[in-house]
Amino acid sequence: MTEREKWEAGLWYDANYTSELCAEREKAEELYTEFNQTRPSEKAKRAELLRQLLPHMEEHVFILPHLYVDYGYHCFIGAGTYINHGAYLMDCAKITLGRHCFIGPNCGMYTAIHPMLPEERNSGLETTAPITLGDNVWLGGDVTILPGVTIGSNTVIGAGSVVTKDIPSGVVAVGNPCKVLRPITEKDSIRYQK
């Protein structure tokens with residue numbers, strides 16, 4: 001079984017010393033480095049680089065540099081999503097962002113899982129678990145999402161939170177580890193704010 005086959009089967013695989021996977025990450029790095037060095041006025045160039053880097057990105061997605069990914073092709077980004085500066089989408093497994101998500105600055109979504117024992121970790125082995133955000137999710141700045149997490153639609157995650165477990169739809173959740181604070185209700189409408 002090749003390392004890619006192990007990876008695709010959800011097994012432990014050699015992520016760091018397999019030439020095929022290293023070459024794919026280098027290709028992604030070339031693209032995101034070029035994207036990150038574009039000028040704000042180079043909108044067409046930015047759009048073309050993002051199409052190459054993120055082939056599963058829907059229409060009307062807005063991404064600000066700097067952006068980092070491992071492969072790019074495991075990122076599925078819904079229409080109308082906004083990704084602020086400094087996002088790292090470690091897409092060793094599938095990362096799904098629903099439609100109209102707001103991703104605050106410096107957010108990290110990490111799908112890689114490394115062994116706990118140093119001698120195993122130092123061998124380059126890893127496995128992965130996907131991350132899924134429903135529609136209309138808002139991540140405040142500096143949110144970290146760990147492997148295997150699903151966040152339901154219409155949920156707000158407070159700035160600086162570390163999301164280690166699934167969060168349901170329609171709630172405000174905050175903290176490290178991130179926990180549900182309360183449901184989002186009609187009283188949260190701007191109509192009720194002074």
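The values are calculated or read from the model by the stated rules, or taken from the named source; none is laboratory data. Everything numeric here is computed off the predicted structure, so don't read it as measured data. Here Cβ is always computed from backbone atoms with ideal geometry, including for glycine, and neighbour counts include all displayed protein chains. For accessibility, only protein heavy atoms count, side chains too; no ligands or nucleic acids. Shrake-Rupley method; radii C 1.70, N 1.55, O 1.52, S 1.80 Å.
What to note about this one:
- Between helix 19-36 and the chain: long-axis angle, C-alpha atoms, 0 to 90°, nearest 10: 40
- Mean Cβ count within 10 Å, highest first, over the residues of peptides 142-148, 6-12: 142-148, 6-12
- Accessible surface comparison of Asp14, Asp188, probe 1.4 Å, protein chains only, largest first: the order is Asp188, Asp14.
- Accessible-area order (highest first, 1.4 angstrom probe) of the listed residues Glu3, Glu120: Glu120, Glu3
- With respect to the chain, whose longest principal axis is taken over its alpha-carbon atoms, helix 43-53 is tilted by about 50°.
- Using C-alpha pairs under 8 Å with a sequence gap of at least 6, the mean separation divided by the residue count of the chain gives a relative contact order of 13 percent.
- Spatially near lysine pairs across the chain, Cα under 30 Å, sequence gap of 8 or more or different chains: 14
- Ligands, DNA and RNA are left out, and with a 1.4 angstrom probe the accessible area of segment 69-167 is 39 Å² per residue.
- Under 5 Å between amide hydrogens, built in the peptide plane, is the criterion, and for Thr150 it picks out Thr132, Asp166, Ile167 among residues at least 5 positions away or on other chains.
- Net charge of Cβ neighbours under 15 Å - reference Gly108; Lys, Arg +1; Asp, Glu -1: -3
- Per-residue SASA entry for Cys107, accessible area with 1.4 Å probe, Å² rounded to 10: 0
- Residues in segment 108-134 reached by a label modelled at Asn176 [backbone nitrogen below 16 Å; 7 Å Cα→Cβ]: 108-110
- Under the shape rule built on the C-alpha gyration tensor, where the axes satisfy a ≥ b ≥ c, segment 30-108 is rounded, since a/c falls short of 1.5.
- Highest mean packing comes first when the peptides 77-86, 131-140, 24-33 are listed by Cβ atoms within 10 Å, giving 131-140, 77-86, 24-33.
- Rounded percent of accessible protein surface that carbon and sulfur make up, segment 103-194, 1.4 Å probe: 58
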